[in-house]
Amino acid sequence: MPDLHWQDQLIHQATRAVGSHTYWRKHRNEFFGSAGLHLAVFVQPYLDFLLEGRKTIESRFGVQRCAPHGRVAPGDIVFLKVSGGPVVGLCRINEIWSFDLRATSIATIRERFARELCAEDPEFWQAREHATLATLMRVDQVAPTSPIQIPKRDRRGWVTLRCSSPLFAGVEA
């Protein structure tokens, strides 16, 4: 059974941390309502690009089905965590694209989304050339928060804290 204590702590601290952001002040009840909640771990410079508004689409590539693939929905909330560090922001998922890369070429995704992903460097795409699945998410309402320390110790880059889809309710990511 996963330790839910840090997850509850994160939700409570985040609701306080975004009090000055107009959207999140008005929509605080979404943290405790039915919106899906996720924790995404980022490396630099992609986290800064997202917080600055330059990166408007987040991507996750993989070789097997795991979160966020099939577990995210428009309106879900994503907590933004620095790899090896604290949670420093949050955003809302606005739109989702899921790709089977055996049917859609990664070159097609690159051509269509590279600019919004801030991924115009060929090394980004070379590192993902063996992926078989891709989940792309347009995000909005990005808000930095004061750092929130959580004791997450595993290596998962994406954790579904609460799934908004009844299909995946209760399924650990």
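List of remarks:
- Segment 35-54, subset among the aliphatic types (A, V, I, L, M) and either loosely packed, with under 14 Cβ neighbours inside 10 Å or within 12 Å of the chain's Cα centre (by Cα) (or both), residue farthest from residue 24 (Cα to Cα): 43
- Subset tally (residues that are crowded, with 18+ Cβ neighbours inside 10 Å, touching a helix residue (DSSP H, G or I) at 6+ places or on another chain (Cβ under 8 Å) and not β-branched (Val, Ile, Thr)) for segment 73-82: 2
- Residue selected from segment 72-106 under the condition within 11 Å of the chain's Cα centre (by Cα) and among the basic types (Lys, Arg), by the criterion farthest from residue 25 (Cα to Cα): 81
- Filtered by the rule that a residue be charged (D, E, K, R), in contact with a helix residue (DSSP H, G or I) (Cβ under 7 Å, 6 or more places away or on another chain) and closer than 20 Å to residue 124 by Cα, segment 21-57 gives a lone residue, 55.
- Of everything in segment 132-161 that is of a type in the set (Gly, Ala, Ser) and buried (at least 16 other Cβ atoms within 10 Å of the Cβ), the residue that is nearest to residue 78 (Cα to Cα) is 143.
- Elements of type strands (runs of 3 or more DSSP E) contained in segment 1-109, each with 2 or more residues being touching a residue at least 40 places away in the same chain (Cβ under 8 Å) and under 22 Å from residue 148 (Cα atoms): 37-42, 77-82, 87-100
- Enumeration of residues in segment 8-30 that are at pLDDT below 80 and under 18 Å from the mean Cα position of the chain (by Cα): 30
- No other residue among 86, 45 is under 19 Å from residue 154 (Cβ atoms) and not hydrophobic (A, V, I, L, M, F, W, C) apart from 86.
- Every pair of residues 6+ apart whose Cβ atoms lie under 8 Å, when the first sits in segment 147-173 and is under 23 Å from residue 16 (Cα atoms) and modelled with pLDDT under 90 while the second is assigned to a loop (DSSP other than H, G, I, E, B) and of a type in the set (Ser, Thr, Tyr): 164/34
Table: residues versus (1) more than 30 Å from residue 9 (Cβ to Cβ); (2) buried (at least 21 other Cβ atoms within 10 Å of the Cβ); (3) small (Gly, Ala, Ser).
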| residue | (1), (2), (3) |
| --- | --- |
| 58 | no, yes, no |
| 62 | no, no, yes |
| 68 | no, yes, no |
| 71 | no, yes, no |
| 84 | no, no, yes |
| 89 | no, yes, yes |
| 94 | no, no, no |
| 111 | yes, no, no |
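The values are calculated or read from the model by the stated rules, or taken from the named source; none is laboratory data. Only a predicted model underlies this, so the values are computations on that prediction, with no experimental measurement involved. Note: ideal-geometry Cβ built from the backbone for every residue, glycine included; neighbour counts use all protein chains shown.
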